[in-house]
Amino acid sequence: MPGVFLVGQDTSLVKMNPATPLQETELQELIARHPALLGGCTAENEEDERRLLLVRREMGVPDQENGNNRWSMDHFFIDQLAVPTLVEVKRSKNREIRREIVGQLLDYAANGVVYWPQSEIKEQFLQQCGPNAESVLEAFLEETEFAEEDFWQAVENNLRRGNIRLVFVADELPPQLRRVIEFLNEQMKDVEVLGVELPQFKTSDDKQRAIAPSVIGRTSAAVLTKGRGERRSYEHLDAVVADFRALPGVPAVSNHSSHYRQLYLPGIGRNIHFEFLQFVRKGILCEFHVETAAANTDLDALMRELDGTLCAGSKVEYFQRGRNGALRVVPRNQQNSTVIAETMREFILIAQPKLHPVLA
């Protein structure tokens, strides 16, 4: 295997040579702590790499409803589109890697999609993260289009539809396993089957080490089979924002992310704002929420008080979001961008006078 070169600021080169691979348990621990090592397996193109949320290491897999766990899977992740990602790790020298690892991961998938209820997945996540579970999930969801309840429901929906990802990981995948991965990925429409190689390198003085991940199995035939690879369109959200900006006396809108646009109010910190948010299942929402680790009991009480208020014919809903609650309105007419824009304007006119004294 060729080496890897580090390039210094003075264009000097430091050669890194192949290093002895980590033991399986060490590699499993590294992946659990740094899921970004597998990030390439979530990317349908270079710009769409998604973060992974670790649900559980050594995830138990039952073989019947309400049954005991028959197997234990190395890692269970979920990506930012709520796609369950099942991971099995082996060293290339492990004889099981050529045959048994394929059967193992298919067993996990075939039974997990049927026998993992949403409640069990959530419970495993809570056990994995312990007292930090709430903050870990909140930070992860901030970069998605999901509220907590919608996220877990989407995970369960994807499982039941078989919309999952199977990932074989090793320092080096043997040619026979590579071909099996490519074959399965080309033949399976909903299940994505990939391999990730994690070759390791070190400098001659052993002071620096590097890992160079590469993804196996995303062939042109597989992309055509799954019909994936196209970026989601947010033209309707852009049309709503354009209509909103045309209204008189409205706050500025930030093009902050592909699926949401934030509205910042004068005199209030940027971590407390209104927002147009596009969900997969609910359409475009008008939302007010707080992004801060500190709980505000006065603000939370006020938001609960506003729960049920009518806004442009739609009901304001209070829901729990991390340490603070949030307010949300689902506009009645999702096809009409002007209606959604005017709903947000009325939402702000109703909520802001009551919120401002608490936030000042």
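The values are calculated or read from the model by the stated rules, or taken from the named source; none is laboratory data. Quantities reported herein were computed from a predicted structural model and do not represent experimental measurements. Here the Cβ positions follow ideal geometry from the backbone for every residue, glycine too, while neighbour counts run over all protein chains shown. These accessible areas exclude ligands, DNA and RNA; they are computed on the full protein's heavy atoms, side chains included. Shrake-Rupley method; radii C 1.70, N 1.55, O 1.52, S 1.80 Å.
Of note:
- Among (1) open to solvent by less than 30 Å² (accessible area, probe 1.4 Å); (2) within 29 Å of Arg261 (Cβ to Cβ) - the single one Phe76 does not satisfy: (2)
- Residue that is open to solvent by 40 Å² or more (accessible area, probe 1.4 Å), over 21 Å from Asn132 (Cα atoms) and out of contact with any strand residue (DSSP E or B) (no Cβ under 9 Å at 6 or more places or on another chain), where the choices are Gln23, Gln104: Gln23
- Listed conditions (1) of a type outside the set (S, T, N, Q); (2) surrounded by fewer than 19 Cβ atoms within 10 Å (Cβ to Cβ); (3) closer than 16 Å to Arg57 by Cβ are all met by Val87, apart from (2).
- Of all the listed residues (Leu126, Leu177, Leu105), the sole one being touching a helix residue (DSSP H, G or I) at 6+ places or on another chain (Cβ under 9 Å), touching a residue at least 12 places away in the same chain (Cβ under 8 Å) and either closer than 24 Å to Thr219 by Cα or not β-branched (Val, Ile, Thr) (or both) is Leu177.
- Looking across the stretch 114-126, the residues that are at pLDDT below 95, open to solvent by 30 Å² or more (accessible area, probe 1.4 Å) and not charged (D, E, K, R) come down to Val114, Tyr115, Pro117, Gln118, Ser119.
- Those strands (runs of 3 or more DSSP E) lying entirely in the stretch 68-187 with at least 1 residues within 14 Å of the chain's Cα centre (by Cα) and acidic (Asp, Glu): 69-79
- Residue that is nearest to Leu22 (Cα to Cα) [pool: residues in the stretch 183-208 that are of a type in the set (A, V, I, L, M) and crowded, with 18+ Cβ neighbours inside 10 Å]: Leu198
- Taking the stretch 328-341 as the range and being part of a helix (DSSP H, G or I) and buried (at least 17 other Cβ atoms within 10 Å of the Cβ) as the test, the residues that pass are Ser337, Val339, Ile340, Ala341.
- Some residue of the stretch 27-39 being open to solvent by less than 30 Å² (accessible area, probe 1.4 Å) and in a loop (DSSP other than H, G, I, E, B): no
- The set of residues in the stretch 180-220 that are of a type in the set (A, V, I, L, M), free of Cβ contacts under 8 Å to residues at least 40 places away in the same chain and either out of contact with any helix residue (DSSP H, G or I) (no Cβ under 9 Å at 6 or more places or on another chain) or under 25 Å from Thr25 (Cβ atoms) (or both) comprises Ile181, Val193.
- Val7 of a type in the set (A, V, I, L, M) and open to solvent by 60 Å² or more (accessible area, probe 1.4 Å): yes
- Unique match (being crowded, with 21+ Cβ neighbours inside 10 Å and either in contact with a Lys or Arg (Cβ under 6 Å, 6 or more places away or on another chain) or modelled with pLDDT under 95 (or both)) among Ala154, Ala139: Ala154
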